[in-house]
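The structure appears right after this line, and notes come after that.
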Amino acid sequence: MQWDWRVWRDRLVHVWRGSLRVRTIVLTVLLSALAVTVIGVVISSSVRANLFDSRRDQVIAESGRAAEQAQRIFTTAAELGDGTDVQATADSALATVQRSTTARYTALLRVPAQDVPRVIDDQASRDFQPGYASTELRATVIASDGTDVAWQSVAVDSEDGLDPGITTGSILDTISAGRYQLYLVYDLSDVQQTLDFVQSTLAFGGFALVALFGGVAYLVVRLVVGPVRVAADASEKLASGQLEERLPVRGEDELATLARSFNGMADSLQRQIRQLADLSRVQQRFVSDVSHELRTPLTTIRLAGDVLYDQREDFPPTTARTAELLHTQIERFEAMLADLLEMSRYDAGAVQLETDPTNLVRLVEESIIAVEPLAEERGSEVRLVAPGGYFEADVDARRIRRILQNLLGNAIDHGEAKPIVVYVDSDERAVAIAVRDYGVGMSPADVERVFDRFWRADPSRQRTTGGTGLGLAISLEDAAVHGGELAVWSQQGEGSCFRLTLPRRRGDELGGVSPLALPPDAEVAA
Amino acid sequence: MNARILVVDDDPAIAEMIGIILRGEEYDPLFAADGKAAIDTFRGERPDLVLLDLMLPGMSGLEVCRTMRGESGVPIIMLTAKGEPTDVVHGLESGADDYVVKPFNPKELVARIRARLRPSLPDTTERIQIGDLEIDVAGHEVRRGDERVNLTPLEFQLLLALAAKPQQVFTREMLLEQVWGYHYKADTRLVNVHVQRLRAKVEHDPDNPRIVTTVRGVGYRAGAVT
Ligand SMILES: Nc1ncnc2c1ncn2[C@@H]1O[C@H](COP(=O)(O)OP(=O)(O)OP(=O)(O)O)[C@@H](O)[C@H]1O
Ligand SMILES: [Mg+2]
C-alpha cells in the first residue's frame, strides 16, 4: 500500500515537473476554483441575508397589522358594553388573525400575574410548542406596550426535519379580561428554497466558469507551449547534427521572433560547421596531395639510391659510405611518408577494413619471429604466454600485424635489454594481446601524451626502429576501426605494458573490459 | 635476343631510371609516356612484357590495361601507388597479372619481371585431363573437345599448377609462391581475382565451378570436392 502510494506520488511529481502544460492548466483551474468559491460564498451569504431581512420585515408588518385588527375587535367589544361574551370576542379575534396572516401557528397566552379575573383560556394551534416563544421573547413582549412587535428566529418542526422560521410576539389588551400575548410562528422554508435554488445556480455557474477557465488555459498553453515544443525538438535535431532543421515562421508575434532568431542561429551554426569541414577537407587534401606528389620523385630516388647501394663495393670508401647513408635515410624517409599517408587516410575517413578469419596467436608468433633479429641485437628475449586466443577472429591481419610490429619495436627500443613478454588471452566476448616490457617506462605525464601524433618522450634517444612518433597514433586508429581498444600502463623504472583488446565479433561493444589485466603479469613474473 | 619490356610511365625520371635498371639486367626497354603512345608501341613493337603505371594522363591506366589484355596475353605488371587498395583490385580485374607498389626497389621489380617472363612450369610433357578440358603442356594449349580455350600465360600457369596435382588442395600462399614467385607473404587478392578470371573462361557455370573448386577456409583445388 505504502509502496503504491509512493509510486503514484513519484509519478505525479514527474508529470508536474515534466510538463509545463499540465502545470499551467492545474494551477489555472485551482486558482480560478478558489476565486469562484470565495465569490460564491460572498454572493450566497448576502443573498441569504437580503432574502431573510425582507421576509422578516414583511412578517413583522403582517403581524403588526393582524395584532391591530385583533386589538380593534377587543376594543369595539368593550365599547359595546358588558353584555358581550369575552370568550367569543377572543375567538373571533384569533380567527381574524389566523385569516389575515400566513403564520403557520398562532398562540394567545395570558400575561401571567394580573389581578383581573381569568375569563379567556390560553389558546394555541395544535402543534404550537412552548419553545417557539422563548422566555426572552416572552419577557420582551410582556414588557412592551400595545404597538410594538418583537421577533425571534426559531427552528420549526416539519415533516422533513426542521425549517427555519420566525416567531413574532405582540401584546393585546382585552380591556375586560386583562392583557394577552399574541404569538405568530412563520415558516420560512420558502425563503430557504429560494436560497437553495440560488446557491445551486451559483455552484453550477461556478463549476462552468472553472471548466471554462481550464479550457481557456489549455488553449492558451497549446498556442504558446506548442511552438516552444516544436522549437525544442528542432534544437535537439540540430544538436544531433541535422543542420538543415529550421522552424516555420508565422506572423509577427513573439513566437515568430523566437523562430526567426532560432533559424538565424541555425544558419550561422551551419555556415561555421561547413567552413570548418571545408577547411579540414582542404587540409587533408593538402596532406594527401603532398604525399602523393612526393612519391613520384621518391620512387626515382629510391631506385637510384638502391642502384648505387648495390654497387658500393666498386666505389672508393667515402663514396661507398655515402651510398650507404643515402640508402638508410631513403628507407627512413619512405617509412615516414607511408605513416603520414596512413594518418591522412584515417583523417579523411577513407579507411576500409579487409577482414579475414585470423588466428591471433599465430599472428603474434609471426610478429615475434619478425622482430627476433632486432631483439637479439638489443639483447632482449621475447616470450609468448598465450592461455587463450586460439581461434579465428575476423580481423584485418595487416593492421593488427602493424600494431604488433610497433608495440614490439617500442618495447625492444625502450626495454633496456630486459625480457619482453607478450600475453594473448580471450573470453567469450573479446580477445586481448598485451606487450609487457621491463625497461625505462614512462612518467604519468608521458603516458598522457603517448598516443599523440609526433610525440616522443626523448627524441634524442638512440633509435633502431622508425622514429616519427606516429606509430602509436596509427596503432590507436587501427584498433579503433576494429571496434577495439589500445590501453597503456607504465611506470618509470618498472617498464610499460600496451594492451590491445578486440571484440570477437565485429560490431560488438567492449564496454571497457578486457580478458587481460593491465599489466597482466601477476602470475608470470619476469 | 633480349626480352623487350614496354615501360609506360608519364614521369620521365622514373622511366629513365627503370630503363637503366632493365638494361643492367640485359632487357631491352621501350618507353611510352601516355596511354595512346603505349597502345601504339604495344601494337607496333609487340613487347614481351609491359610495366604499366596506372596514373596516366589522357587515357586511364585501367583502360590501357583492358585494351592490351583484349589483344594479347602478354604479361602486364602494374605500377601502383601505395594505399589505394581498390586500385589494385581494379587493375587486376582489368587484366594485369601482378603489381608493384611505388616506391619499390630494383630487386623487387626485377624479381617480378623474371617471374612473369620465365614461368616455372611443372616439367611434364604429357597431356593432362581435367574435367572435360585437356591441357597440352608442351604446346601451351588448353582444349575443350575441338575448341581451343584462350588463356593468358598466367592463367595457363595457374590452371596447370592446380591440374598437375589434382589430389592436392592449394592454399593461396602456395599458389602465390608457385605461380607468382613470391617467397614471402603477399597479397592474396592476386589469387582471388585470377581464379575468378580463369573460371570465367574455363567453367560452364562460373557461379557453380567444377574445374577450379574452392575448399572453404583453405584454398583451391582442381576437380570436384570430395
Ligand atoms: N614501451 C615503451 N616504453 C617506454 N616508452 C615508450 C614505449 N612505447 C612508446 N614509448 C614512448 O612513446 C613514444 C611514441 O611511440 P610511437 O610508437 O608512437 O612512436 P615512435 O616509436 O617514436 O616512432 P614510430 O612512428 O616509428 O613508431 C616513443 O617515442 C617513446 O618515447
Ligand atoms: Mg613506435
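Averaged over the residues of B:11-18, the number of partner chain Cβ atoms lying within 10 Å of the residue Cβ comes to 4. Going from the residue with the fewest nearby Cβ atoms within 10 Å to the one with the most, A:S134, A:S200, A:S344 rank A:S200, A:S134, A:S344. Counting only alpha carbon atoms, the long axis of helix A:2-18 and the longest principal axis of chain A meet at about 80°. Gain on full extension, evaluated as 0.36 nm per residue between A:Q283 and A:Q491 minus their Cα-Cα distance, stands at 71.2 nm. At most 11 other Cβ atoms within 10 Å and a DSSP loop assignment: could you name the trypsin sites (Lys or Arg not before Pro) in the range A:192-258 that fit? Here the sparse-neighbourhood loop sites are A:R250. Across all Cα pairs in chain B, the calculated P(r) in 10 Å bins from zero up to the longest distance comes to 8, 33, 35, 19, 5, 0 percent per bin. Across the range B:127-222, C-alpha contacts under 8 Å between residues 6 or more apart give a mean separation that, scaled by the residue count, equals a relative contact order of 27 percent. Where only DSSP H runs of four or more residues are counted, chain A gives -20000 deg cm²/dmol as its mean residue ellipticity at 222 nm, each run worth -39500 (n - 2.57). Under 20 Å from a point 7 Å along the Cα-to-Cβ line of B:A13: which residues of the range A:272-288 have their amide N that close? In the range A:272-288, the label zone of B:A13 (backbone N under 20 Å from the point 7 Å along Cα→Cβ) covers A:287-288.
Let me know the shape class of the range A:216-259, please: from the alpha-carbon gyration tensor, a ≥ b ≥ c as square roots of the eigenvalues, rounded when a/c is under 1.5, otherwise prolate if a/b is greater than b/c, or oblate. Taking the square roots of the gyration eigenvalues as a ≥ b ≥ c, the range A:216-259 is oblate. Seen against the Cα atoms of chain A and their longest principal axis, helix A:317-347 is set at about 20 degrees. Taking each residue as 0.36 nm, the span from A:V116 to A:S19 lengthens on full extension beyond its C-alpha to C-alpha distance by 26.3 nm. Here B:R43 and B:N150 are evaluated by their C-beta separation; at R0 = 22 Å the FRET efficiency comes out at 0.75. Here the simple spin-label model places points 7 Å from the Cα toward Cβ, and for A:R126 and A:E376 these points are separated by 13.9 nm. Using only the C-alpha atoms, the convex hull of the range B:4-117 corresponds to 87 Å³ per residue. Legend: mean number of C-beta atoms from other chains within 10 angstrom of residue C-beta atoms, peptide A:293-303, equals 6.
Each stretch of four or more DSSP H residues adds -39500 (n - 2.57); spread over every residue of chain B, this sum gives -11500 deg cm²/dmol at 222 nm. In whole percents, the pair-distance distribution calculated for the range A:263-313 from its alpha-carbon pairs, binned every 10 Å from zero, is 22, 23, 18, 15, 11, 8, 4, 0. Express the relative contact order of chain A as a whole percentage, based on alpha carbon pairs under 8 Å and six or more residues apart in sequence. Normalised by residue count, the contact order of chain A is 9 percent. Judged by the gyration tensor of its Cα atoms, with axes a ≥ b ≥ c, the protein assembly as shown is prolate; a/c meets the 1.5 cut and a/b is the larger of a/b and b/c. Each part gets one Cα centre, and for the range A:260-291 versus the range A:476-526 those centres are 35 Å apart. Each Cα pair under 8 Å and six or more residues apart adds its sequence gap; the mean of these over the residue count of chain B is a relative contact order of 14 percent. Count Lys and Arg as plus one, Asp and Glu as minus one, and take only other residues whose Cβ is under 13 Å from that of A:Q192; the net charge is then -3.
Neighbouring Cβ atoms from other chains, within 10 Å of the Cβ of residues in B:103-110, number 6 on average. Any chance you could give the angle, 0 to 90 degrees and rounded to 10, that helix A:189-239 forms with the longest Cα principal axis of chain A? Long axis of A:189-239 versus the principal axis of chain A: about 10 degrees.
Between A:S176 and A:R48, how high is the FRET efficiency from 1/(1 + (r/R0)^6) when r is the Cβ-Cβ distance and R₀ = 30 Å? Nearest 0.05. FRET efficiency, A:S176 to A:R48: 0.10. Counted by Cβ distance under 13 Å from B:D9, the other residues give a net charge of -3, where Lys and Arg count +1 and Asp and Glu count -1.
Read-outs throughout are calculated quantities, based only on the coordinates presented, and are distinct from any laboratory measurement. This structure is a prediction, so every number in the text was calculated from the model and none was measured. Please note: Cβ atoms are built from the backbone with ideal geometry, for glycine as well, and neighbour counts cover all protein chains shown.
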